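Worksheet for the structure shown next.
Just so it is clear, none of the values below were taken in a lab; they were calculated from the coordinates. Everything numeric in this text was worked out from a predicted model, so none of it was measured. Methodologically, a virtual Cβ is constructed for each residue, glycine included, from the backbone with ideal geometry; neighbour enumeration extends over all protein chains shown.
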Amino acid sequence: MAGREGKRKLVRRQGSFRTVALLMLVPIAGFVAFFGYRYLRDQLIRTPHARTQEQASMAAPAKPRGISRKLPAPRPAEVVSPTRPPASRAKNGHGAIVLILDDVGFDRQPLASAMAIDPNINFSILPNSGNAAAFADELHHAGFEILCHLPMEPLNYPRESPGRNAIMMAMDDAQIAQVTRENLAAVPHVVGVNNHMGSAATRDPRVMAAVLKALPAGMFFIDSRTTSGSVGEQLAREMKIPTASRHVFLDDVQSEAAVRQQLANLAAAANRDGVAIGIGHMYPVTIRVLSQDVPELRAAGYRFVRANEAVR
């Protein structure tokens with residue numbers, strides 16, 4: 001009996017140990033199952049869109065905070081100005097164009113750019129400008145034709161002044177001749193004259209006759225026609241002085257569109273009359289438009305000639 005009872009006690013103790021072990025494994029298994037479930041849910045149940053966004057964000061470089069990265073705006077399509085003379089029309093004309101640039105002789109003028117426009121462009125130098133002689137020498141050595149831009153009294157004088165040593169209405173004939181000769185001497189290598197301002201002086205036959213008589217033999221006169229009442233060309237013709245008149249002012253309005261339109265008008269006048277004279281100034285916008293458009297006009301068949309080829 002005692003042996004059976006001892007065996008019973010041993011069996012009871014072994015069963016108690018097994019029960020305790022099982023009870024301890026239950027919370028451990030539950031813990032593992034809980035975290036395993038969360039992992040599988042995050043990795044397998046996650047939407048494809050969310051995974052794609054994460055991959056993209058990992059691949060893309062981080063942006064510095066506060067800086068907005070913008071793509072550059074596309075360039076606008078090139079706009080072709082309708083005011084340029086059409087090449088097809090220009091080839092039918094083959095007119096001759098005289099380009100005169102007035103008011104030459106001051107600091108910071110784009111002289112080098114102007115000289116590059118065409119070898120036959122004409123430069124009219126103001127004798128009372130600071131660089132008159134120096135610019136005349138430079139242009140002459142480069143082979144350009146030079147005019148004296150003779151200052152003369154305008155209608156709205158003294159509100160508008162032609163500058164120092166100008167031809168004035170109050171001068172007598174001898175004074176006019178003397179001042180004319182002084183202005184010509186201030187511009188070396190000069191071959192012709194056109195008036196600077198002069199809307200009052202060029203209307204007066206006495207004043208204009210005194211100016212024209214003072215010109216050396218063979219020198220030509222181009223009437224800038226700053227007034228419709230000018231008698232300059234008419235008197236010069238009567239006095240057998242080679243002469244011509246301006247057709248178009250290029251840059252009364254200083255904008256690219258306006259200068260380009262006036263250049264088109266000059267080309268049309270050359271087609272109509274065979275030769276046309278255009279006067280511009282040393283404005284940056286004028287030089288810019290001429291630099292762009294003169295090569296196109298040459299390619300279209302226009303000839304650019306010197307002023308002495310337009311006078312008769």
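Per-structure values
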quantity: Segment 214-279 versus segment 161-211: alpha-carbon centroid distance in Å; calculated: 18
quantity: Stretchable slack from residue 185 to residue 156, in nm (0.36 nm times residue separation minus alpha-carbon distance); calculated: 7.7 nm
quantity: Extension gain (nm, one decimal) between residue 258 and residue 170, 0.36 nm per residue minus Cα-Cα; calculated: 28.0 nm
quantity: Label point 7 Å beyond Cα of residue 113 along Cβ direction - residues of segment 280-300 with amide nitrogen under 20 Å; calculated: 280-298
quantity: Three-way shape call for segment 90-169 based on the alpha-carbon gyration tensor, with the a/c threshold at 1.5; calculated: oblate
quantity: Sites residue 296 and residue 273, calculated FRET efficiency, Cβ-Cβ separation with R0 22 Å, nearest 0.05; calculated: 0.55
quantity: Pairwise FRET efficiency - residue 106 versus residue 240, Cβ, R0 = 35 Å, nearest 0.05; calculated: 0.50
quantity: Burial order of peptide ranges 95-103, 247-255, 285-293 (average beta-carbon count within 10 Å, highest first); calculated: 95-103, 285-293, 247-255
quantity: Cα-centre dipole for segment 87-309 with unit charges at Cβ (Lys and Arg positive, Asp and Glu negative), debye to 20; calculated: 480
quantity: Cβ-derived FRET efficiency at R0 30 Å, residue 309 paired with residue 178, nearest 0.05; calculated: 0.45
